[in-house]
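Peer 1: Before I ask anything, let me first share the structure, which is written out below as structure tokens.
The values are calculated or read from the model by the stated rules, or taken from the named source; none is laboratory data. Note that the structure is a prediction, hence the values are computed from the model and not measured. Note that we place each Cβ from the backbone using ideal geometry, even for glycine, and neighbour counts take in every protein chain shown. Each accessible area value is taken on the protein alone, full model and side chains, heavy atoms only, with ligands, DNA and RNA left out. Shrake-Rupley method; radii C 1.70, N 1.55, O 1.52, S 1.80 Å.
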Amino acid sequence: MSRVAYVNGLYVPHAEAAVHVEDRGYQFADGVYEVCEVRGGRMIDERRHMGRLQRSLRELRIVMPMSLGALGVVLRETIRRNRVRDGIVYLQVTRGVARRDHYFPAPDTPPSIVVTARASIPAKVPAPAISGAAVITVPDNRWDRVDIKTVGLLPNVLAKQAAKEAGAREAWFVRDGVVMEGGSTNAWIVTQAGAIVTRPAESGILRGITRTVLLEVANRLGLTVDERDFTLDEAFAAREAFISSASNVVVPIVSIDGKTIGDGKPGPVARSLRDSFYDVAEFARK
Ligand code: PLP
């Protein structure tokens, strides 16, 4: 089946989907994105992802390319045309196409919008969710505004490639001994006392939608949650560790920088959060 992408108003064959060479996303990483899980053909947490998209755009003073309603139609149509039942839908908005110049282009320059969707292995729990995964740590060399979901991801790309080359699934950014987040996931630990700890999201990390939902899941399960900084040393000494994102949901971490975490096996807290995730996540209408 051939894939289809939505590019600035048109559904085009994926192989031919292209933006202009002077797109500001291409030249300046002047744009934002969202990744939403699709399950049973329905978007997970569309409302929250669209809320974060609007915030990211507002922070960068890029206008919404279309109404939320119209965007919902485009997202659904891209999912439908690609026959995605289980997978992800990707949305990117940039400040549009203009002669290369650092200053913002004329206010009437339309933003560029691209939507793609792709299937993952249908309804299969990924192997790392069962067996656990490894992370490495890297110094956090990113800019201050990582709370905005921009396409400027070069430090994340380099960190994740380093992880891959080290045989790990993710890289955790560490700043002054504190674990911030992963290259494309939020970071969590469970202390020996059984408290779930994740860093506050007011600044310094992306406020993951999965993170927000998991905090609610943990509350409903009556688990103790502590939103506070945790150090790498605390992570080494943790009973459990795990990562979260829309495309991973929850993946247990069984080693950090080659050191075994807990008993080296996925723990019960990560498992129960994963098992209850869809009780709290919102399934959008088809
Ligand atoms: N942190 C970073 C840097 C990310 O890129 C992502 C997702 O792409 C996340 C956290 C997790 O966010 P979400 O749960 O909304 O997928």
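Peer 1: Can you name the residue in the stretch 129-156 that is more than 11 Å from the ligand (Cβ to nearest atom) and part of a helix (DSSP H, G or I) and, of all such residues, is least open to solvent (accessible area, probe 1.4 Å)?
Peer 2: 129
Peer 1: Scan the stretch 32-53 and tell me whether some residue there is without any contact (Cβ under 8 Å) to a residue 40 or more places away in the chain and closer than 29 Å to residue 249 by Cβ.
Peer 2: Yes, that holds for at least one residue.
Peer 1: Related question: Take residue 172 and tell me if it is within 15 Å of the chain's Cα centre (by Cα) and under 26 Å from residue 29 (Cα atoms).
Peer 2: yes
Peer 1: Suppose we filter the stretch 157-175 for residues that are farther than 14 Å from residue 248 by Cβ and in a helix (DSSP H, G or I); how many remain?
Peer 2: 7
Peer 1: For the stretch 186-193, check the following and say yes or no: at least one residue is in the same structural domain as residue 204 (by TED's automatic domain parsing) and closer than 24 Å to residue 29 by Cα.
Peer 2: Among the residues of the stretch 186-193, at least one is in the same structural domain as residue 204 (by TED's automatic domain parsing) and closer than 24 Å to residue 29 by Cα, which makes the answer yes.
Peer 1: Against the condition open to solvent by 60 Å² or more (accessible area, probe 1.4 Å) and either in the same structural domain as residue 42 (by TED's automatic domain parsing) or outside any loop (DSSP other than H, G, I, E, B) (or both), how does residue 271 come out, does it pass?
Peer 2: yes
Peer 1: Restricting attention to the stretch 38-62, report how many residues are part of a strand (DSSP E or B) and open to solvent by 10 Å² or more (accessible area, probe 1.4 Å).
Peer 2: Looking only at that region, the number is 2.
Peer 1: Picking from 203, 184, 244, which residue would you name as being of a type outside the set (A, V, I, L, M, F, W, C), within 15 Å of the ligand (Cβ to nearest atom) and assigned to a strand (DSSP E or B)?
Peer 2: After applying the criteria, what remains is 244.
Peer 1: Give just the number: which of (1) open to solvent by less than 50 Å² (accessible area, probe 1.4 Å); (2) under 30 Å from residue 117 (Cβ atoms); (3) more than 16 Å from the ligand (Cβ to nearest atom) does residue 177 not satisfy?
Peer 2: With respect to (1) open to solvent by less than 50 Å² (accessible area, probe 1.4 Å); (2) under 30 Å from residue 117 (Cβ atoms); (3) more than 16 Å from the ligand (Cβ to nearest atom), residue 177 is out only on (2).
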